[in-house]
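The values are calculated or read from the model by the stated rules, or taken from the named source; none is laboratory data. Since the model is a prediction, treat every value here as computed from it, not as a measurement. Cβ atoms come from the backbone with ideal geometry, glycine included; neighbour counts cover every protein chain shown. Just the protein is used for accessible areas: all its heavy atoms, side chains included, with ligands, DNA and RNA removed. Shrake-Rupley method; radii C 1.70, N 1.55, O 1.52, S 1.80 Å.
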Amino acid sequence: LNALFAGALLAQRVPGWRPTEAMARTWASVAVACASDLRAMHFSIEAGLKMTPFTVSEGHSALKNASAMLDSLCSFAGDLAIARYLASVACPRTVEAAQAQRPQSMPIHHCLDMHCTTGV
């Protein structure tokens, strides 16, 4: 995640910067692995919104640094809250695959959200 977010920062702030093919392939393989994982993490957006943002530091965990980079990227408030909350807990609780049930399809109104219609 940190390599992906660092790449996003570079793309956002350095005109003309583009990831290498190897970077894009790595990031795509991580996305596929995450999409295939049925585990889900418990989080609190309300608690995350009240937290002070992290800063990037060699002494911080990978999740704290990822949270700090999301803040630098000016991500959505809810995404920032989730990242802060998950980075703040020592071991995020998960719902295991045996308990999880993925829907076979999703109604279109669940697909249209602030990520694809930012001006609404």
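Take the range 20-54 and flag every residue that is assigned to a loop (DSSP other than H, G, I, E, B) and modelled with pLDDT of 95 or more.
Listed by number, the residues that qualify are 20, 50, 51, 52, 53, 54.
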* Asked: Which residues, taken from the range 31-65, are closer than 14 Å to residue 89 by Cα and of a type in the set (A, V, I, L, M, F, W, C)?
  -> 41, 43, 45, 47, 51, 54, 62, 63
* To do: From 61, 72, grab the single residue that is among the small types (Gly, Ala, Ser) and surrounded by fewer than 16 Cβ atoms within 10 Å (Cβ to Cβ).
  => 61
* Could you please let me know if residue 72 is free of Cβ contacts under 8 Å to residues at least 60 places away in the same chain and among the hydroxyl-bearing types (Ser, Thr, Tyr)? => no
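I'm trying to understand the selection: among the residues of the range 60-89, which are assigned to a loop (DSSP other than H, G, I, E, B) and either within 16 Å of residue 9 (Cα to Cα) or acidic (Asp, Glu) (or both)?
Taking the range 60-89 and keeping what is assigned to a loop (DSSP other than H, G, I, E, B), we get 60-61, 73-76, 89.
Within the range 60-89, 73, 74, 75, 76 meet the criteria.
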* Structure fact -> Among residues of the range 1-47 being touching a helix residue (DSSP H, G or I) at 6+ places or on another chain (Cβ under 8 Å) and in contact (Cβ under 8 Å) with a residue 60 or more places away in the chain, the residue most open to solvent (accessible area, probe 1.4 Å) is 1
